[in-house]
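Colleague: Before anything else, here's the structure in question.
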Amino acid sequence: QVQLVESGGGLVQAGGSLRLSCVASGISFRSNAMSWYRQTPGKQRELVALITNNDRTRYGDFVKGRFTISRDNAKNTVYLQMNSLQPQDHAVYYCTAPTPGTIYWGQGTQITVSS
């Protein structure tokens, strides 16, 4: 059974930082790309960041150098370091693991940014 468990969300002031973590189980983590998506009410989910199994990364255009995705294969964990958070970053952030045939999603963690 695949499980993706996110943590690290919460309330932060504009300009502040948060680090999200996602611990994966039930997949071959080392050989799997991992990604973070986010969703705000009334909008489609959008890609925040992706990291491949060989550490190549890709970011949504809105990131503009503020976020960094990384992974620790020894801990089956992917991270999202978010700096310079703005009110428009307010969303539910989801960890995902794309595999052949399906994409697994975590339960999501809420980020609230106060102005």
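Colleague: Can you tell which of 80, 20, 11 shows the greatest fluctuation in a Gaussian network model of the chain with Cα springs below 10 Å?
Modeller: Sorting by GNM fluctuation, first place goes to 11.
Colleague: Let me ask another. From largest accessible area down, sort 38, 56, 45, 19; use a 1.4 Å probe on the protein chains. Walk me through the intermediate numbers first.
Modeller: Details: 38 15, 56 170, 45 100, 19 130 Å².
I get 56, 19, 45, 38, largest accessible area first.
Colleague: Give me the extension gain from residue 88 to residue 61: residue separation times 0.36 nm, minus the current Cα-Cα distance, reported in nm with one decimal.
Modeller: 8.4 nm
Colleague: Looking at the chain as a GNM with Cα springs under 10 Å, which of 91, 24, 14 has the largest mean-square fluctuation?
Modeller: It is 14.
Colleague: Name the most mobile residue of 42, 65, 15, meaning the one with the largest mean-square fluctuation, in a Gaussian network model of the chain with Cα contacts below 10 Å.
Modeller: 42
Colleague: Need the C-alpha centroid separation for region 15-55 versus region 67-95, integer Å.
Modeller: What the calculation gives is 7 Å, centre to centre.
Colleague: Turning to a different aspect of this structure: For residue 7 and residue 30, FRET efficiency with R0 = 22 Å and r from the beta-carbon atoms, rounded to 0.05?
Modeller: Taking R0 as 22 Å, the efficiency between residue 30 and residue 7 is 0.55.
Colleague: At 1.4 Å probe size, with every protein chain present, just tell me what the per residue accessible area of the chain comes to in Å².
Modeller: Counting only protein heavy atoms, the per-residue value for the chain is 54 Å².
Colleague: Report, in debye and to the nearest 20, how large the dipole of the chain comes out about its Cα centre when Lys and Arg carry +1 and Asp and Glu carry -1 on their Cβ.
Modeller: Dipole about the Cα centre, nearest 20: 120 debye.
Colleague: Moving on. Output ³J(HN,Hα) for region 71-80: one whole-Hz value per residue in order, computed from phi by the Karplus curve 6.51 cos²θ - 1.76 cosθ + 1.60 with θ = phi - 60°, and x for Gly and Pro.
Modeller: Result, ordered by residue: 9, 10, 5, 5, 10, 6, 10, 10, 10, 9 Hz.
Colleague: Please give the length that would be gained between residue 75 and residue 54 if that part of the chain were fully extended, namely 0.36 nm times their separation in residues minus their C-alpha to C-alpha distance (nm, one decimal).
Modeller: Residue separation times 0.36 nm, minus the Cα-Cα distance, leaves 6.0 nm.
The values are calculated or read from the model by the stated rules, or taken from the named source; none is laboratory data. What you see is a predicted model; the values in this text were computed from it and never measured. Quick reminder, even Gly has a Cβ in these numbers, built from the backbone with ideal geometry, and neighbours come from all protein chains shown. Calculation scope for accessible area: heavy atoms of the full protein, side chains included, ligands and nucleic acids excluded. Shrake-Rupley method; radii C 1.70, N 1.55, O 1.52, S 1.80 Å.
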